[in-house]
Amino acid sequence: MTKRVLILPGDGIGPEIVAEAVKVLDRLAGEGLDIELDEGLVGGSAYDATGTPLPESTLQMAREADAVLLGAVGGPKWEPLDIAVRPEKGLLGLRAGLGLFSNLRPAILYPQLANASSLRAEIVAGLDIMIVRELTGGIYFGQPRGVRTLETGERQGFNTLVYAEHEIERIVRSACDIAMKRGRRVCSVDKANVLECTELWREVATRVVKQEYPEIELSHMYVDNAAMQLIKWPKQFDVIVTTNMFGDILSDAAAMLTGSIGMLPSASLNAKGQGMYEPIHGSAPDIAGKGVANPLATILSVSMMLRYSLDEAATADRIDAAVVEVLDQGVRTPDIMSDGMTEVDCAGMGDAVLAAL
Ligand code: IPM
Ligand code: MG
């Protein structure tokens, strides 16, 4: 059956990097992969065209798609807007609207790029961590929220950190399912020494693993320590499972261990296996329009899409291998450039991957 993929280029470098990923999808379609691409608006560009960062038509197309490929959203142009219509709300609305509670953020160091890391090669060589971030709950979505005026006339901002047991159970299961295919070790990150909500998180995580995943070695870590351990000795981790906000922060730290945030893809999955795939980096307004962005994170997001939503693991392996081959050839975009390598632009990198495919 034909699989439908919704393409959402978004803002900033989004359209540039997505164009390279679409070249890869077009090539695969030409070779017989049964997919059909649609395109929609999201983020600041959607706001400019329609007055909202997530038009109803986009959400509808996303619901009907087997998978969504998203570039990036946001930029300084839209920062003055009310928070309710900022580009980021388009992304959060897609996550919530599709129920994409499980966000997989792999941090892999390609040996060819070991010099690009700010840490010594021995600390990061062979790094392969999977961060599983809860994506539709916690403080990002908790109610009540807002800014209120107190009796004293002073304003007070407030947000709510909430997790129901079922939300903790399903994300822990998601992390364990992945760990079973890897090193079978899960580290659950919380702030159980201070926050009741994550005290419950720890209790539920412990129960789920004990009852359902006896083969998994579960450990717990406070988030401040986890941040430190990620920098100190990142290879101690296999799978990390954590809340929405802690995952947001730790995944940026983990990404930087690998040298360039321009290399890392992500998958956000719901209970039906439907997924949204995007590079973990942002819209990079500073280089937008220059054609120099690194499209590899987006191309690797296509690989994750094939693996997790389209049941095409062998094709995903081919893309991963093509990326490795391109790195072996010494082809580099500016963000990962080093002495003796060949610098290319965004389209040049896309072409190199196609050639390697
Ligand atoms: C991410 C981003 C988003 C988040 C923003 C753009 C809303 O930082 O995907 O990590 O905070 O989740
Ligand atoms: Mg983030």
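The values are calculated or read from the model by the stated rules, or taken from the named source; none is laboratory data. Model, not experiment: these values are computed from the prediction. Reconstructed Cβ throughout: ideal geometry from the backbone, glycine too, with neighbour counts over all protein chains shown. Side chains are part of the model used for accessible areas, which takes the heavy atoms of the whole protein and leaves out ligands, DNA and RNA. Shrake-Rupley method; radii C 1.70, N 1.55, O 1.52, S 1.80 Å.
Structure notes:
- Screening ALA297, ALA347, ALA288 for residues that are among the hydrophobic types (A, V, I, L, M, F, W, C), within 18 Å of PRO15 (Cα to Cα) and surrounded by fewer than 16 Cβ atoms within 10 Å (Cβ to Cβ) leaves exactly one candidate, ALA347.
- Strands (runs of 3 or more DSSP E) enclosed by segment 117-213 - at least 3 residues per element that are under 22 Å from the mean Cα position of the chain (by Cα) and in the same structural domain as PHE237 (by TED's automatic domain parsing): 128-134, 185-190
- The C-beta contact set for segment 341-357 (first residue on the phi < 0 side of the Ramachandran plot and hydrophobic (A, V, I, L, M, F, W, C), second residue surrounded by fewer than 18 Cβ atoms within 10 Å (Cβ to Cβ) and outside any helix (DSSP H, G or I), distance under 8 angstrom, 6+ apart or interchain) comprises MET341/GLY330; CYS346/GLY291; ALA347/GLY291; ALA352/GLN329; ALA356/GLN329.
- Within segment 281-295, the residues that satisfy the criterion of being away from ligand 1 (no atom under 16 Å from the Cβ) and farther than 16 Å from LYS77 by Cβ are LYS290, GLY291, VAL292, ALA293, ASN294, PRO295.
- Wholly enclosed helices (runs of 4 or more DSSP H) of segment 1-65 bearing at least 3 residues out of contact with any Lys or Arg (no Cβ under 9 Å at 6 or more places or on another chain) and within 17 Å of ARG86 (Cβ to Cβ): 44-50
- If you go through segment 53-80 and keep only what is more than 16 Å from ligand 1 (Cβ to nearest atom) and without any contact (Cβ under 8 Å) to a residue 60 or more places away in the chain, you end up with PRO55, GLU56, SER57, THR58, LEU59, GLN60, MET61, ARG63, PRO80.
- Matching residues in segment 129-160 - criterion: being touching a residue at least 40 places away in the same chain (Cβ under 8 Å) and open to solvent by 30 Å² or more (accessible area, probe 1.4 Å): ILE139, TYR140, PHE141
- Members of segment 240-280 that are more than 11 Å from ligand 1 (Cβ to nearest atom) and among the polar types (S, T, N, Q): THR242, THR243, THR258, SER260, ASN270, GLN274
- Counted residues, segment 241-259 - those being modelled with pLDDT of 95 or more and away from ligand 2 (no atom under 15 Å from the Cβ): 1
- Single residue of segment 44-98 satisfying the filter (under 21 Å from the mean Cα position of the chain (by Cα) and of a type in the set (S, T, N, Q)) that is least open to solvent (accessible area, probe 1.4 Å): THR58
- Identity of the residue in segment 231-240, open to solvent by 10 Å² or more (accessible area, probe 1.4 Å) and in a helix (DSSP H, G or I), that ends up nearest to ligand 2 (Cβ to nearest atom): ILE231
- Residue in segment 76-88 that is assigned to a helix (DSSP H, G or I) and within 16 Å of ligand 2 (Cβ to nearest atom) present: yes
- Within segment 89-104, the set of residues being out of contact with any strand residue (DSSP E or B) (no Cβ under 6 Å at 6 or more places or on another chain) and either part of a loop (DSSP other than H, G, I, E, B) or polar (S, T, N, Q) (or both) comprises GLY99, PHE101.
- Filter result for VAL194 (over 27 Å from GLY273 (Cβ atoms), β-branched (Val, Ile, Thr), surrounded by 17 or more Cβ atoms within 10 Å (Cβ to Cβ) and without any contact (Cβ under 8 Å) to a residue 60 or more places away in the chain): no
- Qualifying residue in segment 263-271 (condition: outside any helix (DSSP H, G or I), within 16 Å of ligand 2 (Cβ to nearest atom) and open to solvent by 10 Å² or more (accessible area, probe 1.4 Å)): yes
- With respect to (1) modelled with pLDDT under 95; (2) in a helix (DSSP H, G or I); (3) within 16 Å of ligand 1 (Cβ to nearest atom); (4) open to solvent by 10 Å² or more (accessible area, probe 1.4 Å), the lone exception for MET304 is condition (1).
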